[in-house]
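*Asks:* Once you've had a glance at the structure underneath, I'll fire off some questions.
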Amino acid sequence: MRPASEAELAEMIRAAAAPLTVQGGGTRRLGPAGGAVLETGGLAGVRLYEPGALTLVAGAGTPLAEVEALLAGEGQRLAFEPPDLRGLLGRGGISTLGGVAAANAAGPRQVQAGGARDAMLGVRFVDGRGEVVKNGGRVMKNVTGYDLVKLMAGSRGALGVLTEVSLKVQAIPEAEATLVAGGLAAGPGLALLRAALKTPYDISGAAMAGGAAMIRVEGLAGSVAYRAGRLQAVLGGDWQVVEGADSAALWRDLRDVAAFAGRPGAVWRLVVKPTEAARIAAEAGGEAVFDRGGGLIWLLTDATADVRGAVGDAGHATLVRPLPGMTAPLLPPEAPAVAALTIGLRRQFDPRGIFTQGAA
């Protein structure tokens, strides 16, 4: 099923008598499709782009690469640095803007700029009744009482099918530099990242992989040079400074979890308290890549056991790429109060239970 318009999509949903799995390019979906696949690729095209206002509006099926190329032509970008997980998940397909929004995808710059939901200004979507809903502006149906942008970001198609996304964008900075210190154990390395994030030097990336801590600063060339120097003085130790395209390549690999691409094993995504990251990674076992100062752990393990016991109350874990035979749920279990809220929202937006979860 591939509707070519919002009206056609609404009609398809109204006529649906069995579960549907919403899919953009299929590059971020968790697990197999749970029903007939409803693709949004026909809902493509940039509707509005005002570089001076740092605003872009596009159909949910618009390829992410098309959006990024358009922005780059004007010296702009998506601040939240959406990752490309095709290599990690072993998939083809084309990432779409709606898939990015539905997954609330974001990369290392989230420590500074926030996630996709923080850049989203508005949405249009079709709910489980087949009704068109818009957040703000001229509406076919106006829903009050909910922040629809935040609600749809990260909902993975469980509440409705995104048809249009409005975003604020950001100017590409003049320069970037990354401080790199190698030969570190997880505990000391993560302590350095946390210390850097507490400074006033506007860090846009703080990660650790392969025993190397990495700290990124971006902005005007003079400011980048000054902040990089001050960070070295404050943190102490032996830091290598990597600049320009070489710095960008480091963060692109980190963003896409390239270290685990093509390698066997289960991949987990753990969102945890940064101060607990080293302990959790050690208890969970396997190989870890730390992002966001330790607040995000990508874990590669050959074990089939659920690692959520190591996480405990310090965060939550998503099974992004399971091994054959694994029985652990893909999504983290919800606390009873949260589960009740989720059920209430799904009854409101999808009373017939048409949409399955896990799309993007």
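Each value in this text was obtained by applying a stated rule to the coordinates, not by laboratory testing. Bear in mind the structure is a predicted one, so any value in this text is a computation, not a measurement. Quick reminder, even Gly has a Cβ in these numbers, built from the backbone with ideal geometry, and neighbours come from all protein chains shown.
*Asks:* Springs between alpha-carbon pairs under 10 angstrom, Gaussian network model over the chain: which of Leu43, Leu151, Leu341 fluctuates most?
*Replies:* Maximum fluctuation in the GNM of the chain, among the listed residues, is at Leu341.
*Asks:* Test of understanding: in a Gaussian network model of the chain with alpha carbons linked when under 10 Å, which of Phe290, Phe125, Phe349 would top the mean-square fluctuation ranking?
*Replies:* Among Phe290, Phe125, Phe349, the largest GNM mean-square fluctuation belongs to Phe349.
*Asks:* Using Cβ counts within 10 Å as a stand-in for footprinting exposure, how do Ile94, Ile203, Ile215 rank, fewest first?
*Replies:* Least crowded to most crowded, the residues run Ile94, Ile203, Ile215.
*Asks:* Let me ask something else. Kindly express, to the nearest 10 degrees and within the range 0 to 90, the angle between helix 6-15's C-alpha long axis and the longest C-alpha principal axis of the chain.
*Replies:* Taking the Cα atoms of the chain, the angle to 6-15 is about 70 degrees.
*Asks:* Let me ask something else. How high is the relative contact order of the range 6-171, in percent, with contacts defined as C-alpha pairs under 8 Å that are six or more residues apart?
*Replies:* Contact order relative to length: 27 percent.
*Asks:* While we're looking at this one, here's another question. Using only the Cα atoms of the range 6-171, each taken as one equal point scatterer with no solvent, compute I(q) by the Debye sum, divide by I(0), and report log10 of the ratio at q = 0.12, 0.15, 0.19 Å⁻¹.
*Replies:* So the normalised log intensities are -0.49, -0.78, -1.26.
*Asks:* Could you name the aspartates and glutamates whose alpha carbon sits less than 17 Å from that of Lys273, not counting residues in the same chain fewer than 8 places away?
*Replies:* The qualifying aspartates and glutamates are Glu283, Asp291, Asp313.
*Asks:* Further, regarding this structure: How large is the translational diffusion coefficient of the range 261-349 in µm² per second when you combine the Kirkwood radius over alpha carbon pairs with Stokes-Einstein at 37 °C and 0.692 mPa s?
*Replies:* Here the translational diffusion coefficient equals 237 µm²/s.
*Asks:* What percentage of all Cα-Cα pairs in the chain are separated by more than 24 Å?
*Replies:* More than 24 Å apart: 58 percent of the Cα pairs in the chain.
*Asks:* When Lys and Arg each count +1 and Asp and Glu each count -1, what net charge do the other residues less than 9 Å away from Ala102, Cβ to Cβ, add up to?
*Replies:* Local net charge: +2.
*Asks:* Loop-only GluC sites (Glu not before Pro) in the range 1-109, please: DSSP not H, G, I, E or B, and at most 16 other Cβ atoms within 10 Å.
*Replies:* Within the range 1-109, the qualifying GluC sites (Glu not before Pro) (loop, at most 16 other Cβ atoms within 10 Å) are Glu74.
*Asks:* So what is the relative contact order for the chain, in percent, with contacts set as C-alpha pairs under 8 Å and at least six apart?
*Replies:* 21 percent
*Asks:* Sticking with this one: Out of the range 168-263, which GluC sites (Glu not before Pro) are coil in DSSP terms and have no more than 15 other C-beta atoms within 10 Å?
*Replies:* When the GluC sites (Glu not before Pro) of the range 168-263 are filtered for loop state and at most 15 Cβ neighbours within 10 Å, Glu174 remain.
*Asks:* Given a 10 angstrom Cα cut-off, can you work out which residue in Gly154, Gly24, Gly73 is the most mobile in a GNM of the chain?
*Replies:* Gly73
*Asks:* Name the trypsin sites (Lys or Arg not before Pro) in the range 235-314 that are in a loop by DSSP and that have at most 16 other C-beta atoms within 10 Å, would you?
*Replies:* Passing sites in the range 235-314 do not exist.
*Asks:* I would also like to ask the following. Please give the per residue volume of the convex hull enclosing the alpha carbon atoms of the range 175-255, rounded to a whole number of Å³.
*Replies:* So the per-residue hull volume is 78 Å³.
*Asks:* Mind listing the phi-derived Karplus ³J(HN,Hα) values for the range 231-246, rounded to whole Hz, using 6.51, -1.76 and 1.60 with θ = phi - 60°, and x for any glycine or proline?
*Replies:* Ordered by residue, 3J(HN,Hα) equals 4, 4, 5, 6, 7, x, x, 9, 10, 9, 9, 10, 10, x, 4, 5 Hz.
*Asks:* What is the helix-to-structure angle for 186-197, meaning the angle in degrees between its Cα long axis and the longest Cα principal axis of the chain, kept from 0 to 90 and rounded to the nearest 10?
*Replies:* The angle comes out near 80 degrees.
*Asks:* Still on this structure, I have one more. Compute the helix-to-body angle for 64-73: its Cα long axis versus the longest principal axis of the chain, expressed 0 to 90° and rounded to tens.
*Replies:* Approximately 60 degrees, to the nearest ten.
*Asks:* For Ala53, what charge total do you get from the other residues with a beta carbon under 12 Å from its beta carbon, if Lys and Arg give +1 and Asp and Glu give -1?
*Replies:* Every neighbour counted, the sum reads -1.
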